[in-house]
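Presented below is the structure to which this report refers.
The values are calculated or read from the model by the stated rules, or taken from the named source; none is laboratory data. It should be emphasised that the depicted structure is a prediction, and the values quoted were computed from it without experimental measurement. Cβ placement follows ideal geometry from the backbone for every residue including glycine, while neighbour counts extend to all protein chains displayed.
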Amino acid sequence: MSQESKPLSGVVDVSIPSVARMYDYYLGGKDNYAVDREACGELDKVVPSTQVLAINNRRFLQRAVRWLAQEHGIRQFIDHGSGLPTQDNVHQVSQAVDPESRVVYVDNDPIVLAHGRALLEENHNTAVIQADMRDTDGIFSSAEVQRLIDLEQPVAALFVSVLHCITDEDDPGALIRRVADKLAPGSFLVVCQLVSEDKATRDFVTEFMRVSTQGQWGRVRQEHELASYLDGLEILEPGLVEVSTWKPDGNIGPKQATMEWIEYGGVARKN
């Protein structure tokens, strides 16, 4: 994709499953439709661990944000491909540490924009924009980012369970590098994506999601591919791992009964 902004539709198409709404369904949300639930049901026949995987991914996001706010003093967050509002969103977790923390959510789904703005209209340190997360220049030049984010200070850029929505042609690694280039030294990138070392699983899920979402999908990848996206950045302990094992806290999540695929990732720092 070029770095030029592309117009996005404000119409919610309820005939096509949405990755954001499927994720909402797995997390027990109400902002999903029959077509999303049906797609989840078909996916579960081959990868039955998906709901547990989604829950653990959400808890990883919350732990990472809390750790960056508490241990590294990060007060600015840009959440790429944020999905629908749930409980303990990035702004709630970070602002519990410091009410002055600033958060910009980015998603291309119009229902995310509608629900996000309704939720955040009383929170002046938080904004939601409808944008394609690949449009780095458009996002960073947006009024919301310019109002809330000081790019001369460290920022945490989040790419949590979204890189598998990006095709190889659009190059997830290049996206990470573009964003990192815009951030000040001392900034962080929180990154994870769906991976599988089983080719049959990778091929099935990739094709199923690509057809179901009419092309709004990239690829289930392998662990080494995600690691390559972070070349030039310092990957912090405990490294890139299955996300339920990344700095676990007392709020232990459910265990995947099967491991056909996992959410794999961690936190990297720009020095």
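Just checking, does the stretch 89-98 include any residue being outside any helix (DSSP H, G or I), in contact with a Gly (Cβ under 9 Å, 6 or more places away or on another chain), over 16 Å from Tyr23 (Cβ atoms) and of a type in the set (Asp, Glu)? Checked against the condition, which is being outside any helix (DSSP H, G or I), in contact with a Gly (Cβ under 9 Å, 6 or more places away or on another chain), over 16 Å from Tyr23 (Cβ atoms) and of a type in the set (Asp, Glu), the stretch 89-98 yields at least one hit. Considering only the stretch 256-271, state which residues are under 25 Å from Thr206 (Cβ atoms) and either of a type in the set (Ser, Thr, Tyr) or in a loop (DSSP other than H, G, I, E, B) (or both). Across the stretch 256-271, the qualifying residues are Gln256, Ala257, Thr258, Met259, Glu260, Trp261, Tyr264. Based on what the data block shows, is Leu226 in contact with a Pro (Cβ under 9 Å, 6 or more places away or on another chain) and either surrounded by 14 or more Cβ atoms within 10 Å (Cβ to Cβ) or hydroxyl-bearing (Ser, Thr, Tyr) (or both)? Yes. Val128 meets all of the listed conditions (1) surrounded by fewer than 23 Cβ atoms within 10 Å (Cβ to Cβ); (2) farther than 27 Å from Val195 by Cα but one, namely (1). Taking the criterion of being of a type in the set (Gly, Ala, Ser), in a loop (DSSP other than H, G, I, E, B), within 16 Å of the chain's Cα centre (by Cα) and under 24 Å from Gln62 (Cα atoms), would at least one residue in the stretch 158-177 satisfy it? Yes, the stretch 158-177 contains at least one residue that is of a type in the set (Gly, Ala, Ser), in a loop (DSSP other than H, G, I, E, B), within 16 Å of the chain's Cα centre (by Cα) and under 24 Å from Gln62 (Cα atoms). Scanning the stretch 152-166 for residues that are in contact with a Ser or Thr (Cβ under 9 Å, 6 or more places away or on another chain) and surrounded by fewer than 17 Cβ atoms within 10 Å (Cβ to Cβ) turns up just one, Gln153. Among the residues making up the stretch 167-182, those that are surrounded by fewer than 23 Cβ atoms within 10 Å (Cβ to Cβ) and either more than 11 Å from Gly218 (Cα to Cα) or in contact with a helix residue (DSSP H, G or I) (Cβ under 6 Å, 6 or more places away or on another chain) (or both) are Gly173, Ala174, Leu175, Arg177, Arg178, Val179, Ala180, Asp181, Lys182. For the stretch 209-231, filtering for residues that are assigned to a helix (DSSP H, G or I) and either in contact with a helix residue (DSSP H, G or I) (Cβ under 6 Å, 6 or more places away or on another chain) or of a type in the set (Gly, Ala, Ser) (or both) leaves 4.
Among the residues of the stretch 31-51, at least one is in contact (Cβ under 8 Å) with a residue 24 or more places away in the chain and closer than 21 Å to Gln92 by Cα. Within the stretch 47-89, restricting attention to residues that are crowded, with 21+ Cβ neighbours inside 10 Å and small (Gly, Ala, Ser), the residue that is nearest to Val162 (Cα to Cα) is Gly81.
Of the residues Leu226, Leu148, which single one is out of contact with any Asp or Glu (no Cβ under 8 Å at 6 or more places or on another chain), over 30 Å from Asp44 (Cβ atoms) and not acidic (Asp, Glu)? From the options Leu226, Leu148, the qualifying one is Leu148. Taking the stretch 119-165 as the range and being in contact (Cβ under 8 Å) with a residue 40 or more places away in the chain and among the acidic types (Asp, Glu) as the test, the residues that pass are Asp132, Asp135, Asp137, Glu144, Asp150.
A quick yes/no check of all residues on (1) under 24 Å from Pro172 (Cα atoms); (2) at pLDDT 95 or above:
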site: Gln92; (1), (2): no, no
site: Asp98; (1), (2): no, yes
site: Val103; (1), (2): yes, yes
site: Asn108; (1), (2): yes, no
site: Ala118; (1), (2): no, no
site: Glu122; (1), (2): no, no
site: Asp132; (1), (2): yes, no
site: Phe140; (1), (2): yes, yes
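Filtering Thr201, Thr206 for residues that are on the phi < 0 side of the Ramachandran plot, free of Cβ contacts under 8 Å to residues at least 24 places away in the same chain and either part of a strand (DSSP E or B) or among the hydroxyl-bearing types (Ser, Thr, Tyr) (or both) leaves a single hit, Thr206.
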